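Here is the structure we will look at, set down as C-alpha cells.
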Number of protein chains: 4
Amino acid sequence: MKMTKQDTAILLIHCPDRTGIIRAVTDFLYENNGNVVYLDQHSDHSCGEFFMRIEWEIADFQISREKIGEYFDTLIARKFGMMWSLHFSNQKKRVAVFVTKLSHCLYDILYRFHSQEWNMEIPLIISNHETLRPIAEQFDIPFYHIPITKANKAEQEARQLELLAEHQVDLIVLARYMQILSDDFVLHYPRKIINIHHSFLPAFVGSKPYHAAFERGVKIIGATSHYVTAELDAGPIIAQGTAHVTHKERVQDFIRKGKDNEKIVLSKAIAKDLQHKILVCNNRTIVFD
Amino acid sequence: MKMTKQDTAILLIHCPDRTGIIRAVTDFLYENNGNVVYLDQHSDHSCGEFFMRIEWEIADFQISREKIGEYFDTLIARKFGMMWSLHFSNQKKRVAVFVTKLSHCLYDILYRFHSQEWNMEIPLIISNHETLRPIAEQFDIPFYHIPITKANKAEQEARQLELLAEHQVDLIVLARYMQILSDDFVLHYPRKIINIHHSFLPAFVGSKPYHAAFERGVKIIGATSHYVTAELDAGPIIAQGTAHVTHKERVQDFIRKGKDNEKIVLSKAIAKDLQHKILVCNNRTIVFD
Amino acid sequence: MKMTKQDTAILLIHCPDRTGIIRAVTDFLYENNGNVVYLDQHSDHSCGEFFMRIEWEIADFQISREKIGEYFDTLIARKFGMMWSLHFSNQKKRVAVFVTKLSHCLYDILYRFHSQEWNMEIPLIISNHETLRPIAEQFDIPFYHIPITKANKAEQEARQLELLAEHQVDLIVLARYMQILSDDFVLHYPRKIINIHHSFLPAFVGSKPYHAAFERGVKIIGATSHYVTAELDAGPIIAQGTAHVTHKERVQDFIRKGKDNEKIVLSKAIAKDLQHKILVCNNRTIVFD
Amino acid sequence: MKMTKQDTAILLIHCPDRTGIIRAVTDFLYENNGNVVYLDQHSDHSCGEFFMRIEWEIADFQISREKIGEYFDTLIARKFGMMWSLHFSNQKKRVAVFVTKLSHCLYDILYRFHSQEWNMEIPLIISNHETLRPIAEQFDIPFYHIPITKANKAEQEARQLELLAEHQVDLIVLARYMQILSDDFVLHYPRKIINIHHSFLPAFVGSKPYHAAFERGVKIIGATSHYVTAELDAGPIIAQGTAHVTHKERVQDFIRKGKDNEKIVLSKAIAKDLQHKILVCNNRTIVFD
C-alpha cells in the first residue's frame, strides 16, 4: 500500500459532553505534527453527548499508523470516556448490495462505483430473485441468488452471513431488497446495514407505501434512507428526500417519480457512510457535512 | 356592483366520467357567446369521476347572471348527473380567521388581505386567547375572544356559530388554532374549514408534531393544509411543504423554521380555495393550477 | 404491429387563439367514436396562440390510422389555421445519444431504456472520445467514435448526419457532449436536439459554469435542459433543477453534486419529449403534465 | 444591563490559514473558564484564509467583558495575524429598513421583530414614497419620507446618512427599496447593507428581472439576498431561494409567487447577520449554521 502525501487518518469520537475536548484532541494532533484537514463537532443537548470527526494528513505524523489507536486511547480517550473509531482514507469499505427485482438503485450505485465517485469495493450482490443477474454481469460483480421462503429463511440468512463473512463485508446496502431481515441477522451488522424505504418516514411504514400515500391524497411523496435495526423502518434516519405530486398522478406515477428520489437519497446516505461522517445519538443521526 | 369587461363566471363541476362532457359544456358556452378564459379538467380513475373548472367572460354572455345556474342545470347538468357550483369573480368570499397565540400565519394572511393579493373580506377574527387582539386592531378587524374549556365548549362553539352566521362567513381558516372543533361544528361548514397542521401528514398527527419529529430524528420537517373533517388531521390535503433540518437543530429550531413553512403552505391553500380551484374525490383533492 | 385496446393517437396542435377550438376538436373525436384519455390545452397571452394536446383510444375510432391526418386537416385544422402533428402510442422514437467522457447522464438514460421506463429505441451512441465505449458495449448499443478537431469538424458532422439519417433518428440527446454543433447541423434537427447545460440558465452560459458559479459565490447551483438552437445555450428551456451548496463545498463538490441534478433534469426533459408533451411559443416551452 | 447565566460573547475571526489556530483559541477560552457553546470554522482553499465563530458563556469567564478584546488581541490575534470582531448576545443590532412601495418584505420583517423572533431594534424606516407609512404606524416605528430624484439624490442621501448616524444604525436592510445607492453611501456601511434582489443572481441583474425571466422562458425563478457593494447586484451572496413556474404562469404570477420567495430569503439573510454568522472571502460568504 503506497503512502501518498494525501493519505489521511480519520477519528470519529463521541463521549459525555464537557469542556476541553476539542482542545485536547487538537493538542494531540498538533503536538504530533498532524495537519488537520477536517474538523467538525456537535454537542447534542438531547443526549448530553459530544460528537466529533477529525481528519489529518499522516505523512508527517509522528505516531505510526499502527500505533495511533493505542496512543490516542491511552493519552486522550480514556480521560474523557470516549468511544472512538479510527479509519484511513486509503482503506476501501467492502460493500454488499442486496436487491430483489427493481434496478434503479442498483444502477445508481454501480454507476458511481464504476466511475470511481466512491471509495469502495463491491465484492458481491445478493438477491432473492434472478432478475437482476444480467446487470451484475454487465459490471462483472459476483451475483448470488438466494431465494427466501418462510420455510427456508433461517438457513438462507445463514448462507448470506457466510458469504458476507467470506467476502469481509463492512457495509450492507439494501437497494430495494424486498425481504425483512431477521433480528438475528441485523445483530451481526449493527449500524452497518443501510436501507432505502420508499416513503417519508415515519409516514407509511411497511409495504406498498406509494399506494398508501395515494390513498391518503398526499401532495408530496418521500424516500428515507436509514440504518436497519430490529424494529421495521424505525432505525436512525440518514437522509430524506421528497418530490411533489398532483391529482393528475396515479399510483404508477408515484412509483416512477419515487424511483428517482429513492436512488438519490440512498446514494447520499451511502456516500456519507463511506466517508465516515455518520454518528448516532438516541436513534438520531449526526451527519457531518 | 359595476359589471366590467373582465367579470367572469366560474363553474365547478363533477360527475361520473363518460365521453362528451367537455364537448357539451364548451358547446353550451360557445353557443351562448361565452368567451372561455380558463378550462381545466381531470378524469380520476380511482373514483371514476370527471372534474372540471371552466371560467368565461360574462359581459357578452347571452344568459343573464341570475339565470345561468338554471339554464346550465336544465340543459347540461341533469343529462350528465353533474354536481356543480357557480361563482362570480366579483363576489368576495367572507373569511373568518381562528387563532390562538401564534401570530405568523395570521400576519401572513392579513398582509395578503391588506395588499389586496386575495379576493376576500375578513369580517372577524376569533380566538380562545386575548394574545393576538392587538394585531387584529392593527388591521381594524373585529376580534372576538371566546375562551374554551372542557366545560363550556358546547356553548362557546354555539356562540362561534352564531357569529359566523351573523357575519355570513363562507370560509373558516384555522391559523394555528389550538382547539379541536367538535364534529357538530365541522358539519356546519363541510369543506369550508381549512386547517394548517404543523407536520408532514400523515406523519405526526395530533399535538406537538415538531417534538415527535425531533424524537424520530427526521431530516425533513413538513406542514400540511387540509380541509377539516370529523376525524382529526385526516381531511383532504390541499397543500404540503417541507424544509430540511440537520442534527444541529433542536426542537425550538424546528418550530422556528417550521413557522415559515406553515404560513406559506396555509396561504397557498387559502388562495386556491378563494379561486374556486379545489374539488374533492375520495378524500383526495383535485387542485387546479 | 398488433393493435391493442390501449393503443392511442395523439394530436399536438397550435393555432391563433380564438373561441371554439376545444369544442371543434372534441366534437371531431366524439362524432367519430374516439374515447379521449388525455386533454390539456393552453392559451398563451404573450404569443396569442392556442396550444393543445389530445389523446384518444383508436381501437374503435371510425377513421383509420392512415386517414386521421387527412381528415383532421380537411375538417378542422384548415378552418382554424392550425399547425399540427399526429403521433401513435405504439410508435417508438429513435434516439441518438451524443456523449464525450462523462458517464452519469448516459447511465441514467440507459438504465431507463433498459428497464423500459421509456418508449424509445437507441439505435446508436456517438462520441468524440473512446472513453464511454465500454458502457455502450455493456448495453449492446452500437458506438461510433467520431473525433472532432477544428480542421475536421465539417466533415465529421457530415458523417454524423449520415449516421443519423441511416438510423432514422427522431431525437438527438446531448448527454454532456462537449462540442458545439454547427448552425448547419442544428438546422437538420429543429427542436429535435435536447441538451443538458450544467448551470441555471441564463446564468453561466458557455463552458466551466460550475467554476463561474463558485467564483460568484452562489448558494444554489442548477442545471437546464433545452432544445438546441443556433445561439449557444439560448434555446427553449424544457426543465430546470437546482441544488443547494454551502461555503464548505469546493468546485469539485459543485461538479459532483451537479451531476445528480443534471441527470435527473435531462431525463425529465427526454421523458416529456418522448410523450409528445412539449410545444414552443416564442422560445418558451409549453410542457404539459 | 443584567448579566444572566445565558449571556454569551461571540468572536468572529479570520486569518491566514495555518496549524494551531483552533487549539490556540480553544486554549484561551478553556484556561479562562469560558464554557464554549458554539464553535464552527472553515478553511477556505480558494482564499487561503481560516474563518471561525466561537461563542462562550461569560458569566464565569475570568476576563471582564471590557477587557476581552484587549486580552484576545494581545495574546492570540497578533500571533496569527487575525482580523476579529467581538459581540455580546445581550447587545441588539439597530436596523434601519429602506422600502419603496411593496410591503411583503417589510411585513415579514416587522412580524419577526414584533414576535421577538430576532434580537434587534428597528429605530426607523426610510422610504422614497409615502405608500407604506401606514404600516410603520401600525407598528409604531418612525417613518421618514425621503423622495429621491436625479437632481436631489446627493443631498437626500446625505440626509439619510444623518438619520442613520443619529439613530446609531448598525445594519441597513433594503426591503425592495427601488433606488440604487451611490458608491459614497455604500462606503459608509461596508458589509452592513443587505439587499434582496428578485432574481436568481447572477441571472437577470438590474430592473424588471421577472419580466426578463418570463421572456427567457425559465422554469424556475429565484431571489437573492446579498451585501451591497459599489457594483450593482454583484456583492457577496448570503442566501438564495427558488420557486418552480410553468407555462401557465404569466409575469404577474411570477411576481406574486416571487414575493413569497423574496421575503423568506431576505429574512434568512437578516437572521444570519443578526447572529454574527457571516464572514466574507473573495466576495463569497461563509455562512455558519
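The values are calculated or read from the model by the stated rules, or taken from the named source; none is laboratory data. Fair warning: this is a prediction, and the values are worked out from it, not measured in the lab. So basically every Cβ, Gly included, is an ideal-geometry build from the backbone, and we count neighbours across all protein chains shown. Just the protein is used for accessible areas: all its heavy atoms, side chains included, with ligands, DNA and RNA removed. Shrake-Rupley method; radii C 1.70, N 1.55, O 1.52, S 1.80 Å.
Against the main long axis of the alpha-carbon atoms of chain A, helix A:153-166 sits at an angle near 40°. For chain C, the longest principal axis of the C-alpha atoms and the axis of helix C:104-114 are separated by about 40°. For the residues of D:280-289, the average number of beta carbons from a partner chain within 10 Å of their own beta carbon is 4. Structural descriptor for chain D: relative contact order 15 percent, calculated from alpha carbon pairs under 8 angstrom and at least 6 residues apart.
What is the range A:194-289's relative contact order, in percent, from Cα pairs under 8 angstrom and six or more apart in sequence? Averaging sequence separation for qualifying contacts and normalising by length gives 28 percent for the range A:194-289. Charge dipole (Cα centre; +1 on Lys/Arg Cβ, -1 on Asp/Glu Cβ; no other charges) of the range B:192-289 amounts to roughly 200 debye.
With a ≥ b ≥ c taken as the square roots of the eigenvalues of the C-alpha gyration tensor of the range D:93-287, please select rounded if a/c is under 1.5 and otherwise prolate if a/b is larger than b/c or oblate if it is not? Rounded shape, in that the Cα axes give a/c under 1.5. Inter-chain Cβ neighbour count for D:199-210, averaged per residue, equals 3 (cutoff 10 Å, partner chain atoms only). For chain A, the Cβ-based charge dipole about the Cα centre amounts to some 800 debye (Lys, Arg positive; Asp, Glu negative; other atoms uncharged).
In a DSSP loop and with at most 15 other Cβ atoms within 10 Å, the trypsin sites (Lys or Arg not before Pro) in the range A:106-168 are A:Lys150.
State the antiparallel share, in %, of DSSP beta bridges confined to the range D:93-287, rounding to the nearest 5.
Values: 15 of 32 bridges.
Percentage antiparallel, nearest 5: 45.
Restrict the search to the range C:1-55; then list the trypsin sites (Lys or Arg not before Pro) that DSSP places in a loop and that have at most 15 other Cβ atoms within 10 Å of their Cβ. When the trypsin sites (Lys or Arg not before Pro) of the range C:1-55 are filtered for loop state and at most 15 Cβ neighbours within 10 Å, C:Lys2, C:Lys5, C:Arg18 remain. Computed over the protein assembly as shown, the per-residue total of -39500 (n - 2.57) for DSSP H runs of n ≥ 4 gives a 222 nm mean residue ellipticity of -9000 deg cm²/dmol, rounded to 500. Using the Cβ-Cβ distance between C:Ser115 and C:Glu166 with R0 set to 35 Å, the FRET efficiency from 1/(1 + (r/R0)^6) comes to roughly 0.80.
The simple spin-label model puts a point 7 Å past each Cα toward its Cβ; for A:Lys79 and C:Arg216 those points are separated by 4.9 nm. Projecting the Cα atoms of B:Ile122, B:Cys281, B:Ile221 onto the charge dipole of the range B:93-287 (Cβ charges, centred on the Cα centre) puts B:Ile221 farthest toward the positive pole.
Among the residues of B:33-42, the average count of other protein chain beta-carbon atoms within 10 Å of the residue beta-carbon is 3.
The residue among D:Ile68, D:Pro16, D:Thr26 whose Cα reaches farthest toward the positive pole of the charge dipole of the range D:8-88, with charges on the beta-carbon of Lys, Arg, Asp and Glu, is D:Pro16. Within the same chain, aspartates and glutamates fewer than 8 places from A:Lys79 are excluded, and of the rest, those with a Cα less than 17 Å from its Cα are A:Asp17, A:Asp27, A:Glu49, A:Glu70. Accessible-area rank, largest first, for D:Ser225, B:Ser64: B:Ser64, D:Ser225, with all protein chains present and a 1.4 angstrom probe.
Given Cβ point charges of +1 (Lys, Arg) and -1 (Asp, Glu) and nothing else, what value in debye, to the nearest 20, does the dipole of the range D:8-88 about its Cα centre take? Before the final figure, lay out each step's value.
Working: 7 positive and 12 negative charges, 38 e Å.
Its charge dipole is roughly 180 debye.
Among the cysteines of chain A, those whose beta-carbon sits 4.7 Å or more from every other cysteine beta-carbon are A:Cys15, A:Cys105. Of the beta bridges in the protein assembly as shown, as assigned by DSSP with both residues counted there, near 70 percent are antiparallel.
Between the alpha-carbon centres of the range A:1-78 and the range A:147-192 there is a gap of 33 Å. Per residue, the protein assembly as shown exposes 41 Å² of accessible surface when a 1.4 Å probe is rolled over the protein heavy atoms with every protein chain present.
Counting only protein heavy atoms and a probe of 1.4 Å, the accessible surface of the range C:79-169 is 50% carbon and sulfur. Between 0 and 90 degrees, the angle of helix C:21-31 with respect to the longest Cα principal axis of chain C falls at about 60 degrees. Chains C and D together bury roughly 3000 Å² of accessible surface, counting both sides and using a 1.4 Å probe on protein heavy atoms.
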